[in-house]
Amino acid sequence: MKLSTINWSYHGPTDLSCGTDATTTEKTLGYLGGFIGFGLYIYFFLMKTYSWAYWQYFVGSILAFDVAGGLVCNSLNSCKRFYSTPLKPDEKTLLIRLLKLHWFFTLIHIHPFILQICFGSPQFRFYGLFWYFILQLSAHIVLLIPLYLQRPTAMLVCLLVLILNYYIIPPIDGFQWFIPALFIKIIYGHLVQEEPYRPNI
């Protein structure tokens, strides 16, 4: 069994992406995830994989950077610690106060709507509404259940989303990975409270 320090305290400049007081390695991992997502759509653009307009490639790359990077960042111990702890006295800005509310953080992830508006979903006209509703419902369920059941429930949700996305709800072309990754980012990464293991000094 690996042993590591658990430390809920942090200090320093506020970091909304990787969590305040994140280590260099944690930040590197988080941003690497973002650049992998971003790079995927640069590759699509260079190879002319899809008949999208320039602005669609731009929107796709930004969305990919946010979700792929957020998937990794929200799983960082530093990030989980930041968003799972109560507000500190120096965290006075409205933005921090709002983002530390799990329901608000989930609510602002309107990515399914953006996908449908910008790229369309000819096979399922309620694509954006459906996935946004499922995201909010899933978040509500995970936040309601006891802490010891949060992680397996979040994983169950992600499993169901993978199945729905692959077999039931046709994904938007070019974004086959996107909805499952969004759910992992929010439902598991952001909402599930876990012990913030820190480097041993």
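The values are calculated or read from the model by the stated rules, or taken from the named source; none is laboratory data. The structure displayed is predicted, hence computed values, not measured ones. No Cβ is skipped: glycine too gets one built from the backbone with ideal geometry, and neighbour counts run over all protein chains shown. Surface accessibility is based on the protein's heavy atoms, side chains included, excluding ligands, DNA and RNA. Shrake-Rupley method; radii C 1.70, N 1.55, O 1.52, S 1.80 Å.
Looking only at residues of the range 96-120 that are touching a residue at least 12 places away in the same chain (Cβ under 8 Å) and open to solvent by 50 Å² or more (accessible area, probe 1.4 Å), we find that the one that is nearest to Trp55 (Cα to Cα) is Ile114. Residues in the range 36-95 that are open to solvent by 70 Å² or more (accessible area, probe 1.4 Å) and of a type in the set (Gly, Ala, Ser): Ser51 alone. Of note, Arg125 does not satisfy the criterion of being buried (at least 17 other Cβ atoms within 10 Å of the Cβ) and on the phi < 0 side of the Ramachandran plot. Just checking, does the range 140-163 include any residue being closer than 25 Å to Ser51 by Cα and charged (D, E, K, R)? For the range 140-163, residues closer than 25 Å to Ser51 by Cα and charged (D, E, K, R): absent. Name the residue that is modelled with the highest pLDDT, counting only residues in the range 63-95 that are part of a loop (DSSP other than H, G, I, E, B) and among the hydrophobic types (A, V, I, L, M, F, W, C). Restricting to residues being part of a loop (DSSP other than H, G, I, E, B) and among the hydrophobic types (A, V, I, L, M, F, W, C), the top hit is Leu76. Scanning the range 15-30 for residues that are surrounded by fewer than 17 Cβ atoms within 10 Å (Cβ to Cβ) and free of Cβ contacts under 8 Å to residues at least 60 places away in the same chain gives Thr24, Thr25, Thr28. Residues in the range 166-201 that are in contact with a helix residue (DSSP H, G or I) (Cβ under 6 Å, 6 or more places away or on another chain), under 27 Å from Ile145 (Cα atoms) and either of a type in the set (Phe, Trp, Tyr) or not in a helix (DSSP H, G or I) (or both): Phe183, Tyr188, Leu191, Val192, Gln193, Glu194, Pro196, Tyr197.
For (1) touching a residue at least 60 places away in the same chain (Cβ under 8 Å); (2) crowded, with 21+ Cβ neighbours inside 10 Å; (3) under 17 Å from the mean Cα position of the chain (by Cα), each residue gets a yes or a no:
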residue	(1), (2), (3)
Gln136	no, no, yes
Tyr148	no, no, no
Val157	no, yes, yes
Ile179	yes, yes, yes
Leu182	yes, yes, yes
Lys185	yes, yes, yes
Glu195	yes, no, no
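Looking for something in contact (Cβ under 8 Å) with a residue 40 or more places away in the chain and of a type in the set (A, V, I, L, M) - is there at least one such residue anywhere in the range 41-51? Checked against the condition, which is being in contact (Cβ under 8 Å) with a residue 40 or more places away in the chain and of a type in the set (A, V, I, L, M), the range 41-51 yields no hits at all.
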